[in-house]
Amino acid sequence: MGSERPHDSMSSLRLGVMRDIESTLPTRKRASKACLACRARKVRCDVALHSTPCTNCRISRGECIVRGRPAKYRTSKGNKQNTSTNTPLGQLQVPSPSSPRNPSEPAGLELQQNGSTPITDDGLDHSTLCQRRPSVTGRHLGQYRTYGSETLHDNLWNGLQRTNAAESLIDTGSEADTSRENASHTDPHAEIQADASRISGSQSRLNANLSYSEYHFIEVDDFSELPAEDIRFLRAQGCLEVPAMPALDRFVQQYFLHVHPLLPMIDEANFWDVFNNNCHDHGQPSKISIFTFQAMLFSCCCFVPLDTLHEVGFRNVRHARATLYRRAKALFDFDGKRDLISTSQGAILLSYAPDNHNRRINTFWLGVAIQFAKDANAHQYYLDQTITDKQRNVKKRLWWCCIIRDRILPLGVRRPLFITNAHFDFSNSPLTANDLDEEIGYSNVYDSGTKRSLAELLEILCNLAVSLTDIIMILYPIDGNPTTSLDELRLSRLRVHIERGKADLSQWFDNASVHFPTPAGLGDTHESVILHTNVVYVYYHSARMALCHHEILLLEMDSKSDTSYPKQLHRSKRELQEAQSSLTDIMKELLQLKLARYLPIAVVPVASLLLVLHILDVKLSSTRSQHSMRQRRLQVFVEVMNVLQSMYDSTDRVSDAIEQLIAYLGPNDSLQNARASTFADTQETQCSSSAIFSSNSTSSEAASTTINDWSDVLLRRRSCYLRIMMTLDITFSKGEFPKETDFPEPLQTSHLAAYLPLYRE
């Protein structure tokens, strides 16, 4: 599905890899002719040797225009020719890396290397795609290498004395002028920096993106071992560029407003210090890896105002997500050297990956993040006595952010955990609000009071993550064994674990609601606190509903020998109704406060579930007044899904699945034959071949025909209700609408045909 559907780490800059410049450089004569672009950039042009386009323009895919210079002497009228008197384009004045950039000052704009190349909906340009194929030796998913550029590379560098192919290509791919060339003998490091800072004046007016080297807070990864064509690919894809000011400032603000509060793996105080080139009592600020920073831009771009996205060349939120994800992913795929913590931080953010052909890519990135965090010994932050308190804090934040994502993501996509009780003792020095004390008073987006509230909310979320550990292991076991294959003893034990999980959630809520009452909008509370409090409660209610659905499945399997089955079923229904009502109130509040557009992608699964339930209610309405009232409730989730759909492309697939599911439950000509052939012997079939489901379930379902809302479907058409829930579970887990064989036999159409349709138009 296209993205345009409407509904649808080292500690210092890695420039030390440059080889020493040889002391004997051959002198070269000045070119007799140069195109306008090379003249503006003050680089050597070979247009006199090879005609147009010159090598530089051919690489950058720019327009190569050659115009004669004005004659030194007057020409006679008869011999006067048309000559251009165009003034050479000026150089962009760039602030020095040691001085902070004033966000209010307009920043220059740099032309992307692929600026004239059409970009596809997923952010990939066609010409580059035609030149690349998967690397046979690449160890990462989706690793690419470019081919067919050797000849071009040889032509470019033939006869030129170069210091280091990787660095010169990363920075500008151009030669320095004579003054910088002389200075490079004493300070080659400065030459690379100066080359990287030189931006063409003509290019600066055409694109709102700048080279990373324009920003002192960004640390480039070490690509010294990469072949030149790979670096060209990274440059051509914009991987070494970031938005210009003031757009970049808006991106960063949105990151710390809407991503950082519940995933604080970046030290905000340190970030603002290095971003603003400040130095406070907590020491020299650390630079941000370009990989991590590109991942930050990706994770927050969906919250950036649309006009800002347009300024930096994105058509919409989806285009921004696809393009920024591709850039960060390419930096990872090409295996630039950086510290382990930076790699883990970036991978965590990429676990918010947009939808593509690999439906489990988000789980892949989470696994990468956890592995790199382990390699950095982040999971042993409380044991390592060789590190400083600041280093311990960095590792502690990182590890607990891995834990948080390892709860929220599996809860939504119905997959097993990576970090269990066997891997980590969650009682060992958990992350608390005190661990964020260094950030209080140093935020550029929050006052101290709001920052303290968000730190306390984070502690509440960490407590929820601990409670969710056993719950998710019950719901989505690591061994992958389906619940329907368990014997009676294991089923009985599982039900005990479910009760314990419910008790843990209840205890968590009692404690959380004291500090953060619900509705969260009551009182004079900062909008961000309202938003993130509601998001945390969405996670809580999602877990409640998932536990109830799992319990209903177990009850249905074991109800034959359980006399308390009806009572427990009604209790589960009541708990589901409470969770649904609370979630509806949360979504209404966020819509009224215009905060729904800041909801994370993790909200999509629960919003989809509630959308289905409300659609069922509308379809099952018995009176017009009832229909109108339910339609208004449904509209809440329609609006929420519309907002989510404008940002997250995975919602297209979810929307299609919901349409298919609702159609399946209603009048469907393709099911008529199945219904007719199975209606007569349904009781016999379900009792014999589907013995794991109770026989009294069949009789009770067949006995009642009054279905007025989704709770009636739960009580009187339990097989149908479980089919609905499992359809959504499989859709989120596999990323596609389930096939009949994905369901256990009792929930396949041949066994449900007698009880369908649930509604009639």
Meets criteria (assigned to a helix (DSSP H, G or I) and among the small types (Gly, Ala, Ser)) for Ser628: yes
query: Within segment 616-623, is even one residue of a type in the set (A, V, I, L, M, F, W, C) and either under 17 Å from Ser655 (Cα atoms) or part of a helix (DSSP H, G or I) (or both)?
result: yes
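Residues checked against (1) more than 19 Å from Trp710 (Cβ to Cβ); (2) touching a strand residue (DSSP E or B) at 6+ places or on another chain (Cβ under 8 Å); (3) modelled with pLDDT of 95 or more; (4) surrounded by 16 or more Cβ atoms within 10 Å (Cβ to Cβ):
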| residue | (1), (2), (3), (4) |
| --- | --- |
| His532 | yes, no, yes, yes |
| Tyr540 | yes, no, yes, yes |
| Ala546 | no, no, yes, yes |
| Glu556 | no, no, no, yes |
| Ser564 | yes, no, no, no |
| Ile586 | no, no, yes, yes |
| Leu590 | yes, no, yes, yes |
- request: Kindly indicate whether any position in segment 380-387 is assigned to a helix (DSSP H, G or I), under 20 Å from His260 (Cα atoms) and polar (S, T, N, Q).
  value: no
- request: Scan Leu436, Leu464 and give me the residue that is within 23 Å of the chain's Cα centre (by Cα) and either assigned by TED's automatic domain parsing to the domain that holds Val536 or surrounded by 14 or more Cβ atoms within 10 Å (Cβ to Cβ) (or both).
  value: Leu464
message: So, in segment 371-390, how many residues would count as being under 30 Å from the mean Cα position of the chain (by Cα), exposed (fewer than 15 other Cβ atoms within 10 Å of the Cβ) and either modelled with pLDDT of 95 or more or among the β-branched types (Val, Ile, Thr) (or both)?
response: 1
Matching residues in segment 413-432 - criterion: being more than 14 Å from Val466 (Cβ to Cβ) and either modelled with pLDDT of 95 or more or not in a helix (DSSP H, G or I) (or both): Arg414, Arg415, Pro416, Phe418, Ala422
- request: Kindly indicate whether Gln391 is in a loop (DSSP other than H, G, I, E, B) and out of contact with any Ser or Thr (no Cβ under 9 Å at 6 or more places or on another chain).
  value: no
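The values are calculated or read from the model by the stated rules, or taken from the named source; none is laboratory data. Quick caveat, the model's predicted, so the values are computed rather than measured. We place every Cβ from the backbone using ideal geometry, glycine too, and count neighbours over all the protein chains shown.
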